[in-house]
1. Return one whole number: the accessible area per residue of the chain in Å², for a 1.4 Å probe.
2. Here are labelled values, [x] 63; [y] 47; [z] 77, and one is the computed percent of Cα pairs over 20 Å apart for what I pasted. Which one?
3. What is the distance in Å between the Cα centres of region 46-104 and region 1-17?
4. Accessible area of the chain with a 1.4 Å probe: how many percent of it is carbon plus sulfur?
5. Under a point-charge model restricted to the Cβ atoms of Lys and Arg (+1) and Asp and Glu (-1), what is the dipole moment magnitude of the chain relative to its Cα centre, in debye to the nearest 20?
6. To the nearest 10 degrees, how steep is helix 2-103 against the longest Cα principal axis of the chain, on a 0 to 90 scale?
Amino acid sequence: MAEISEAITMIKKAEDEADQLVLDADFKGKEMIDNSRQDAETTISKAKNEATQEAKKTVFDAEDKAKNKAKSIIADSKGNINSLKNKAMANVDEAASIIVKNIL
């Protein structure tokens, strides 16, 4: 009878140990999941920040290029305007002379 009692005690102890192993595994599993979530959130946050910075840099670079192109166009336009103005002024004297001849 003592052997049966010992066997039952050992079985009960083994069951308790198995239950504890299941609890420990469940706890560790949840802990791993939590750590993974935190790591994922950190990685996502870092990636978002990097993407935002890269987007800002891209926009800034595009604006800078556009401003430089606009300055170049303005400079070319001013040169063209001055050239046309000079040509027009050269023709004013000739036109005035023709008008005066036609009137007289």
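1. 93 Å²
2. Here the calculated entry is [z].
3. Computed from Cα coordinates, the inter-centre distance equals 97 Å.
4. Of all accessible area on the chain, carbon and sulfur atoms account for 61 percent.
5. The calculation lands at about 2000 debye.
6. The angle comes out near 0 degrees.
The values are calculated or read from the model by the stated rules, or taken from the named source; none is laboratory data. These numbers come from a predicted model, not from an experiment. Quick reminder, even Gly has a Cβ in these numbers, built from the backbone with ideal geometry, and neighbours come from all protein chains shown. Ligands, DNA and RNA are excluded from the accessible area calculation, which covers all protein heavy atoms including side chains. Shrake-Rupley method; radii C 1.70, N 1.55, O 1.52, S 1.80 Å.
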